[in-house]
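In what follows, a structure is listed as structure tokens, so that the remarks can point back to it.
Values quoted throughout were computed directly from the atomic coordinates according to the rules given, and no laboratory measurement underlies them. Note that the coordinates shown come from a computational prediction; the quantities given were computed from them, not determined experimentally. All Cβ positions, glycine included, derive from the backbone under ideal geometry; neighbour counts span all protein chains shown.
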């Protein structure tokens, strides 16, 4: 499992908050850069404690017959590195 920070839209509101999530890297089927959230950051819709240079990634997670999309803080490159480091730790325990 890897710990990520999700950008979560508050129900019935026009702003977002951050929350930690744990994801099984084996269930990630796609990583895409999420440029729309960069614009939301400059418009002030995202939490103020985020750096203006921050990047975002949309993860597609396998849920059997359907997928789940989640937007997380970090570039696709950073998220991919976290996935690989989790795999390496797991192999060492084997």
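For the reader, a short list of remarks on this structure follows.
- For the chain, the relative contact order is 28 percent, taking Cα pairs closer than 8 Å that sit 6 or more residues apart in sequence and dividing their mean separation by the residue count.
- Pairs of C-alpha atoms in the chain farther apart than 16 Å represent 57 percent of all such pairs.
- Full-stretch length increase - residue 30, residue 49 - with 0.36 nm per residue and alpha-carbon distance subtracted: 4.1 nm
- Residue 85 paired with residue 60, simple spin-label distance in nm, labels 7 Å along Cα-to-beta-carbon: 2.7
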